[in-house]
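**Q** Dropping the structure in here first, questions after.
The values are calculated or read from the model by the stated rules, or taken from the named source; none is laboratory data. Small disclaimer: the values here were computed from a predicted structure and weren't measured. Quick reminder, even Gly has a Cβ in these numbers, built from the backbone with ideal geometry, and neighbours come from all protein chains shown.
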Amino acid sequence: MSAPADEPGNPAHAIFERFLRARECREVLGCFGELCQRLGLQGNGLQLYHGLKDSLNYWSAKALWSKLDKKAGHKDYNQGTAC
């Protein structure tokens, strides 16, 4: 059984940090795929975003969710429905 995503020492946190530091597209995609696999997530678009947001309760991820939610709420993105 895997540890909850907000537990200290959780491997998902390390994967997320690698995702944030990735410099090449191949590395970003690899980390993202590994993170989704670790968290048992599938799907795409908003379904996947909300799954990530619900599953990864980590301070660094929370900062990203906050920024993305603020950006998505902008009128250019139809208050989150276009992105």
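**Q** Name the residues in region 38-79 that are on the phi > 0 side of the Ramachandran plot and modelled with pLDDT of 90 or more, would you? Explain how you work it out, then say what you get.
**A** Going through region 38-79, the residues on the phi > 0 side of the Ramachandran plot turn out to be 40, 43, 45, 78-79.
Once the filter is applied, which keeps residues that are on the phi > 0 side of the Ramachandran plot and modelled with pLDDT of 90 or more, region 38-79 yields only G40.
**Q** Separate question: If you check L46 against the conditions, is it out of contact with any Ser or Thr (no Cβ under 8 Å at 6 or more places or on another chain), aliphatic (A, V, I, L, M) and within 18 Å of K62 (Cα to Cα)? Talk me through it step by step, then tell me what you get.
**A** Numbers: out of contact with any Ser or Thr (no Cβ under 8 Å at 6 or more places or on another chain): yes; aliphatic (A, V, I, L, M): yes; within 18 Å of K62 (Cα to Cα): yes.
When the stated conditions are applied, L46 passes them.
**Q** May I pose another question? Contact list please: Cβ distance under 8 Å, first residue in region 50-77 and under 15 Å from L35 (Cα atoms) and free of Cβ contacts under 8 Å to residues at least 40 places away in the same chain, second residue assigned to a helix (DSSP H, G or I) and not aliphatic (A, V, I, L, M), pairs at least six apart or on different chains.
**A** Within 8 Å, the pairs are L52/C36; K53/W65.
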